[in-house]
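Here the structure is laid out as structure tokens; the discussion comes afterwards.
The values are calculated or read from the model by the stated rules, or taken from the named source; none is laboratory data. Values in this document were obtained by computation on a predicted structure and should not be read as measured data. Counting neighbours? That spans all protein chains shown, and the Cβs are built from the backbone with ideal geometry, glycine included. For the accessible areas, the whole protein counts, side chains as well, though only heavy atoms, and no ligand, DNA or RNA atoms are used. Shrake-Rupley method; radii C 1.70, N 1.55, O 1.52, S 1.80 Å.
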Amino acid sequence: MAVLEKIRKRNVLLICIIALGLFAFIAGDMLKNPIDDLFGGDENIGRDKVAKVLGEKITYQDYQELVAEYTDAIKFTQGRENFTDEEQNQLNDQVWQAFVTNKIIEAEAKKLGLAVTDKEVQDILKDGTNPLLLQSPFVNQQTGRFDLTLLTKFQDEMKKGAADPELAKQYQSIYRFWLFIERTLREQTLAMKYESLLSHALISNPISAKMAFEGQNTESEIILASIPYASINDNDVKISDADLQEAYNKRKEEFRQYLPTRDIKYVTVQISASTQDRADLMKKMQAASDSLRAGADPTMVVGKAQSDINYLGIAVSSKVMPRDIAAKLDSMQVGQTTEPFETAYDNTLNVIKLINKTQLPDSVEYRQIRVFDNSVDVAHNRADSIYNALKGGADFAEIAGKYGQTGDKMWFTAPMYENAPSIDADSKKLLEALLNTNPNETKNLTFTQGNIIIQVTARRAMTTKYDAAIIKHGIEFSSTTRQAAYNKFSQFVSENQTLEDIEKNAPKFGYTVQERRDFSSSEHTVAGLRGTTEALRWIFEANEGEVSKLYDQVGNNDHLLVVAVTGIHKKGIRDFDTVKDDLKTIVMRDKKYDMIVEKMKGVTSIDAAKQKGAVVDSVKQVTFAAPVFVQSANASEPAISGTVAATQQGKFNPTVIRGNNGAYMVQVVKKTQREGATFDAKAVEQQLHQQALQAARLYKQELMLKANVVDVRYKFFN
């Protein structure tokens, strides 16, 4: 029970962890890459299946269990109950990426005979410094390390059971969270083993270390002759279909895509408040302002006005208020009420009444003794006796121990209450006592079911706080306005059943047709709007040229949408016609380079290059390890660094360097070693080893791309 009490206090009052970090250890750098890189094609894998990895089909139920487990872990660490749609989508994707990564690493590790033993796990627990363990409830606050004894005590207490169903529920919640951490720890350790094995397959040596050191520390001063591709008119370059086809055949792999996508065009209409809607709301807000000014109960006025911000009746910092509200408070007098004012960035009308302005601490250290009994009178009398004993000099912790409590000091901070959507009467009473009690002062607080005796031991950061009644109301459209917008859009959709008609007639209705290429099934929304999952499913089931039905409950129920599919791109190498524009850019650059090479034939000096139209600049501190930024071409050009490294001091290199944005010729004026640079073979070899580690992570990505991953989760999005 004592262990659970400590865990509960930490969890409720102190834990504020970015728990998404739990999976960062598992997937490594994969989580930093676009999620599309992990997904395969939309294949027929069964009605109840959401994915396939290495030939293994994953059911929707299995996937949902993983999501639920991870979501529960986040809720536990963050003390939250719900997530926004965007947050839940992010959690879902985190689970999916981690699941795919673990499956592939597990399969590869099995081939190599890699495993994580129970002894290894125990050693990690005993060490107690693994970052994953530091996110558990079993951290010793004095050492800052995971404490295995806390876990053992908790497990012992759990085995004994708890008579109180609520306590038993909390035991189970903590235990499930621990099982999640332990499993994640095993997966993390296996991934690190596999990654380490790969990194050690790429070794360094003193010779490569010496070359790397020289590449980093040999600086060259050069004269650079630049001929930007942009200096050649595109009309002077002739490109045939044969040129494009040849480039396509050579570069096919560059146009490989690892998941199906769609090109779409769509029309979306946002429904906005009408002039009449705004006038009606202004009338309502003016009435609320008048009532507050007349001294009406703020709670009643704020509630009746349906404010987005409830009135707590407690002074809070302006930093937790919307910025438009905070900006006005400093200049207001206590008792003042504003006229209704509009805020454009959040589309609201607002009224403020400043009820009080005071100085309160941002942090309070305190300890408490809770006194409850089936008989309220007994609890009150017992609390009076305890309070009198404490006033007489009794030891707080000793008395707390007599009642099965630790009496430990704990910190109560402003973020724990200032963002609360509501505060009940008992909580408000306790909160006000904590904020207004002086250090070393003890109070006996009476509640309906018992008493709490508090003793404040320290206060920090006295800050200006505001007790303000705030009415913030969105400028919303009425049902009449929505119906009018729907009728107009419905007429447009019904009269224009083809994409050609939609594009032709949209301007007549005041609508704009928007385009999105390569729309991926891994995305959770269409046009960035919530509530578009039905449209998402339709897009990946429709044929090219089809037009969807009207979707009328998207966004925050404030948008209308119609979609047309204009292109279908399957998994694999893109068709020639779909990448023709990209090929033109590539071929144009290559032909311009060939034209420059022809123009520069016979050039043996920088002056000769200048006479043929090159832009000449002096560039210093060029090293092999870093690309050169060319001002005239406005681009970084790595190829220049390689040529400079291979050119001797004082020499002109007649090679025309092929760059990204231009062609170049160089003369190396001088080469020097960076001042203070000393070769340390071991240090450089370690640096190369770290680079090998990065390379190993790229191997992991390659394994993912070859794992034939199929993802059709979009069919089950809510």
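Going by accessible area, probe 1.4 Å, with all protein chains left in place, what is the ranking of Thr275, Thr338, Thr464, largest first?
Thr275, Thr464, Thr338
With a sphere of radius 11 Å drawn around the Cβ of Val456, what net charge do the other residues whose Cβ falls strictly inside it have (Lys, Arg +1; Asp, Glu -1)?
Around Val456, the surrounding residues sum to +2.
Taking the stretch 520-572, which GluC sites (Glu not before Pro) meet the DSSP loop condition and have no more than 12 other C-beta atoms within 10 Å?
Passing sites in the stretch 520-572 are Glu541, Glu544.
Compute the accessible area per residue over the stretch 52-172, keeping the other protein chains in place, probe 1.4 Å, unit Å².
Spelled out: the 1.4 Å probe surface of the stretch 52-172, per residue, equals 55 Å².
Would you calculate, for the chain, the mean residue ellipticity at 222 nm contributed by helices, counting each DSSP H stretch of 4 or more residues as -39,500 (n - 2.57) and dividing by all residues, to the nearest 500?
The helix contribution divided over the chain gives -13500 deg cm²/dmol.
Report the full-extension gain for the segment Asp127 to Asp85: residue separation times 0.36 nm, less the Cα-Cα distance, to one decimal in nm.
Details: separation 42, 0.36 × 42 = 15.12 nm, distance 3.86 nm.
Net length gain for the segment: 11.3 nm.
Quickly rank 406-412, 286-292 as a protection proxy: mean count of other C-beta atoms within 10 Å, highest first.
286-292, 406-412
Kindly report, to the nearest 10 Å², the accessible surface of Ser220 as traced by a 1.4 Å probe over protein heavy atoms only.
Per-residue accessible area (Ser220): approximately 10 Å².
Please find the FRET efficiency linking Ser208 to Gln631, where r is the Cβ-Cβ separation and R0 is fixed at 25 Å, and quote it to the nearest 0.05.
0.15
How far is it, in nm, from the label point at Ala397 to the one at Lys319 when both lie 7 Å from their Cα along the line to the Cβ?
3.2 nm
Among Lys304/Lys428; Lys265/Lys472; Lys57/Lys571; Lys357/Lys472; Lys111/Lys169; Lys549/Lys580, which pairs are too far apart, with a Cα-Cα distance over 30 Å?
Check vs 30 Å cut-off fails for Lys265/Lys472; Lys111/Lys169; Lys549/Lys580.
What nm value, rounded to one decimal, do you get for the distance between Glu503 and Leu698 when each label is placed 7 Å out toward the C-beta?
Calculated label separation equals 4.0 nm.
Expressed in nm to one decimal, what extension gain is obtained for the pair Asn310 and Lys111 from 0.36 nm per residue of sequence separation less their Cα-Cα distance?
Using 0.36 nm per residue and subtracting the Cα-Cα distance, I get 65.7 nm.
Identify the GluC sites (Glu not before Pro) of the stretch 643-718 meeting these criteria: DSSP loop state and at most 16 other C-beta atoms within 10 Å of the C-beta.
Glu675
Out of the total accessible area of the stretch 272-395 (probe 1.4 Å, heavy atoms of protein only), what percent is carbon and sulfur?
47 percent
Put +1 on the Cβ of every Lys and Arg and -1 on every Asp and Glu Cβ in the stretch 235-322; which of Pro260, Ser272, Gly313 then has its Cα farthest towards the positive end of the dipole?
After comparing all options, I get Gly313.
Put one equal scatterer on each alpha carbon of the stretch 155-269, apply the Debye formula with no solvent term, and list log10 I(q)/I(0) at q = 0.13, 0.17, 0.19, 0.22 1/Å to two decimals.
Log10 of I(q)/I(0), two decimals: -1.02, -1.07, -1.11, -1.21.
Using a 1.4 Å probe on the protein heavy atoms, what percent of the accessible area of the stretch 493-599 belongs to carbon and sulfur?
Result for the stretch 493-599: 42 percent of the exposed heavy-atom area is carbon or sulfur.
With volume of the Cα convex hull per residue in Å³ as the read-out, I listed [x] 318; [y] 187; [z] 262; which label goes with the value calculated from this structure?
Correct label, based on the coordinates given: [z].
Rounded to a whole number, what % of the accessible area of the stretch 77-210 do carbon and sulfur atoms account for, probe 1.4 Å?
For the stretch 77-210, the apolar C and S fraction of the accessible surface comes to 54 percent.
Show me the GluC sites (Glu not before Pro) within the stretch 409-476 that DSSP assigns to loop and that have at most 16 other Cβ atoms within 10 Å of their Cβ.
On the way: sites: Glu418, Glu432, Glu441, Glu476; in loops: Glu441, Glu476.
Qualifying residues, ordered by number: Glu441.
With a 1.4 Å probe and all protein chains left in place, how much accessible area per residue does the stretch 402-536 have, in Å²?
Solvent-accessible surface per residue comes out at 50 Å².
Considering only Ala639, Gln216, Phe716, whose Cα is most displaced toward the positive end of the charge dipole of the chain, charges sitting on Cβ of Lys, Arg (+1) and Asp, Glu (-1)?
The listed residue farthest towards the positive side: Gln216.
May I ask you to derive the FRET efficiency for Gln276 and Ser375 from their Cβ-Cβ distance with R0 = 60 Å, giving the value to the nearest 0.05?
0.50
Note the full-extension length gain between Asp408 and Asp241 as 0.36 nm times their separation in residues minus their Cα-Cα distance, in nm to one decimal.
The span from Asp408 to Asp241 would gain 52.1 nm if fully extended.
Rounded to the nearest Å, what's the spacing between the alpha carbon centres of the stretch 646-701 and the stretch 611-634? Just the number, please.
The stretch 646-701 and the stretch 611-634 have Cα centres spaced 15 Å from each other.
Probe of 1.4 angstrom, ligands and nucleic acids ignored: what's the accessible area per residue over the stretch 580-718, in square angstrom?
The answer is 56 Å² per residue.
Could you size up the charge dipole of the chain around its Cα centre, putting +1 on the beta carbon of Lys and Arg and -1 on that of Asp and Glu, and report it in debye to the nearest 20?
For the chain, the charge dipole is close to 1100 debye.
In terms of Cα to Cα distance under 12 Å, which aspartates and glutamates are near enough to Lys103, apart from those fewer than 8 places away along the same chain?
List returned: Glu56, Glu187.
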